1. Say whether the condition of being under 18 Å from residue 8 (Cα atoms), buried (at least 16 other Cβ atoms within 10 Å of the Cβ) and in contact with a strand residue (DSSP E or B) (Cβ under 7 Å, 6 or more places away or on another chain) is met by at least one residue in region 50-60.
2. Which of the helices (runs of 4 or more DSSP H) contained wholly in the chain include at least 3 residues that are touching a residue at least 60 places away in the same chain (Cβ under 8 Å)?
3. Might you check whether a residue that is touching a helix residue (DSSP H, G or I) at 6+ places or on another chain (Cβ under 6 Å) and farther than 30 Å from residue 94 by Cβ occurs anywhere in region 1-19?
4. Identify all residues within region 21-43 that are surrounded by 15 or more Cβ atoms within 10 Å (Cβ to Cβ) and over 13 Å from the mean Cα position of the chain (by Cα); write none if there are none.
């Protein structure tokens, strides 16, 4: 583990379909806003408009630069079908230097030239 000059986070959202999850993932990767996106089936229980809901969903976790969080939120909202999508940023305190090097390269854009 080591300190790294770029600060990373995991951006989490949920969505109701595999096609939607893949669309979010592909958009984030194509824009180089995420280095990696993981999609996993989950079950969500929550209250919405006074009704207890029990729904299958997909958890979408995106490894991203903290500085790109706003752009990633905008990208998620642009194609997300939910009225109020879950969008959370979990900051990464430390990580393996080799992995962070790869993540930095995978999210490099003109700013890093």
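1. Of the residues in region 50-60, the ones under 18 Å from residue 8 (Cα atoms) are 60.
Among the residues that remain, those that are also buried (at least 16 other Cβ atoms within 10 Å of the Cβ) are: 60.
Now narrow it down to the ones that are in contact with a strand residue (DSSP E or B) (Cβ under 7 Å, 6 or more places away or on another chain): 60.
Within region 50-60, one or more residues are under 18 Å from residue 8 (Cα atoms), buried (at least 16 other Cβ atoms within 10 Å of the Cβ) and in contact with a strand residue (DSSP E or B) (Cβ under 7 Å, 6 or more places away or on another chain).
2. Working: elements: 18-30, 69-79, 97-106.
Output list reads 69-79, 97-106.
3. No, region 1-19 contains no residue that is touching a helix residue (DSSP H, G or I) at 6+ places or on another chain (Cβ under 6 Å) and farther than 30 Å from residue 94 by Cβ.
4. none
Values in this text are rule-based calculations from the coordinates and carry no lab data. The model shown is predicted, which means the values in this text are computed figures rather than measured ones. Every residue, glycine as well, gets a Cβ built from its backbone with ideal geometry; the counts of neighbours run over all protein chains shown.
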